[in-house]
1. Rounded to the nearest 0.05, what FRET efficiency do Ala148 and Lys330 have when you use their Cβ-Cβ distance and R0 = 30 Å?
2. For region 262-313, would you read off the P(r) tail past 13 Å as a percentage of all alpha carbon pairs?
3. Scale the Cα Rg of region 180-310 by the rule-of-thumb value 2.2 N^0.38 Å and send over the ratio, two decimals.
4. Exceeding 23 Å between C-alpha atoms, which entries from my cross-link table qualify? They are Lys23/Lys337; Lys92/Lys389; Lys104/Lys246; Lys178/Lys337; Lys173/Lys389.
5. Express in nm, to one decimal, how much length is gained between Lys208 and Gln190 on full extension, taking 0.36 nm for each residue of separation and deducting their alpha carbon distance.
6. Using modelled backbone amide H atoms (1.01 Å from N, in-plane), which distant-in-sequence or interchain residues come within less than 5 Å of Ser218's amide H?
7. How about Lys130: which aspartates and glutamates have a C-alpha closer than 13 Å to its C-alpha, ignoring those fewer than 8 places off in the same chain?
8. Using amide H atoms built 1.01 Å from N in the peptide plane, name the residues 5+ places from Trp98, or on other chains, whose amide H lies under 5 Å from its own.
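The values are calculated or read from the model by the stated rules, or taken from the named source; none is laboratory data. This one's a predicted model, so the numbers in the text were calculated from it and none came from an experiment. Note that each Cβ is placed from the backbone with ideal geometry, even for glycine, and that neighbours are counted across all protein chains shown. The area values use the complete protein model at the heavy-atom level, side chains included, leaving out ligands, DNA and RNA. Shrake-Rupley method; radii C 1.70, N 1.55, O 1.52, S 1.80 Å.
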Amino acid sequence: MKKIVVIGAGPAGTVAASYLAKKGYPVLVLEKEGFPRFVIGESLLPKCMESLEEAGLMPSLLNKDYQKKLGASYYNRENQSCTFLFSQQFSKSWDWTWNVQRVKFDQDLVDAAQANGVRFEFGSTVTAVKIDGDSRIVTYQSDTGAIATIDAAFVIDASGYGRVLPRLFELDKPSIQKPRGAVFAHFVDQKRSGREGDDIFIYPFDDKNSWIWAIPFSDGTASVGLVSDTEQTQVFAADDFKEYLKFVQNFPLLHGRFAEAAYQRSPAMILGYSVGVKQMYGEGYVLCGNSTEFLDPVFSSGVTLATVSGLLAAKFVEKELNGETVDWQKDYEDEMKYGIEVFRSYVDGWYNGELQTIFFNPKINPLIKRQICSVLAGHVWDLENPFVKKHKTILATLAKVIQIENRTDESVELQ
């Protein structure tokens, strides 16, 4: 039996590989980097827990000591807060998830996938993929310079920012998201309160054009990042990240949490992370994870989209290899694009202020809050939720209603 080749050993690749290996298929994962390795994307959503579970990875992960994440808290410059607890979401799902240091988490995924029968070759750079009838010839180079080829049954590209097949097959296209960047580091988090350990905390600034995250980890450290437009990101990163450190130490809504904290991991910068793709599949191959599209990290969608797409891709590869007909456009690409577009609506709503209007409305309807919480938990395919089904219009409509109600209340008070 020919091997299925998966490019990339991140969450999308390990989920896809583990699922197929448990179904009895030989799977080879080719990963360019050596593991363990550092990446960001450190805050998970409850939806991705379902994919990890179905891929057979969860039993091993439950024995680890990741930071339990119960929800997400948002703040505004008036020091108002809005907390979404996953236990109160509209959709039926896990009511918690994890914050994870990806150096450890991704290695744990690899270990769990290996235990399920997946073979990994690290330090392997895919240089060519040729689709010819029933043959998918993958050429790759090891870190020693040796060249090897494999005739694969199917190729799953989960190479993330490496974007192997989009690059080789000229599938890249610009993202419609505004170009942004991020500066981030890990700090010793000795002043963390108990409440600050339960959630990811997000604070907007610069008139909602920028925001800061604080993600607590179980070892007493935290990831702190600033997301802004490209120009401002470069300002934060200049002069050995001095402006970034100054900003984090003095940001008022952090209440001195990192005022004297030392780095646990030095700062780094990513620019222009949003990216698109012309198509997600072709004869003999499929793209998943960040090889398809990456939006913006404000709602921690990256690992969720990676694990969901990895699992869905693996299921359809299994069907196709079993001789079943697969409608890759309808059942895979359109399905994944729907979830991406729901997240995009919320990203746009964050930056244009609609979500802040809703979040910080003191009279927010409890049912509406539960329905929005489900989106923030990653359930962007739950069409029973009107905040998923009507995502293109519902945020703007609700924000306008709230603004009208607030103006009416102000008029009554003045009279």
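1. Working: r = 36 Å, r/R0 = 1.20.
Approximately 0.25, to the nearest 0.05.
2. Details: 875 of 1326 pairs.
Of all Cα-Cα pairs in region 262-313, 66 percent lie more than 13 Å apart.
3. On the way: Rg = 16.5 Å, N = 131, 2.2 N^0.38 = 14.0 Å.
Here the answer is 1.18, to two decimals.
4. Working: Lys23/Lys337 27 Å; Lys92/Lys389 16 Å; Lys104/Lys246 29 Å; Lys178/Lys337 19 Å; Lys173/Lys389 27 Å.
As for pairs spanning more than 23 Å Cα to Cα, those are Lys23/Lys337; Lys104/Lys246; Lys173/Lys389.
5. Numbers: separation 18, 0.36 × 18 = 6.48 nm, distance 2.86 nm.
Roughly 3.6 nm would be gained on extension.
6. Those lying under 5 Å, H to H, from Ser218 are Gln67.
7. Partners within reach: Asp151, Glu283.
8. Sorted by chain and number, the residues that satisfy this are Leu44, Lys69.
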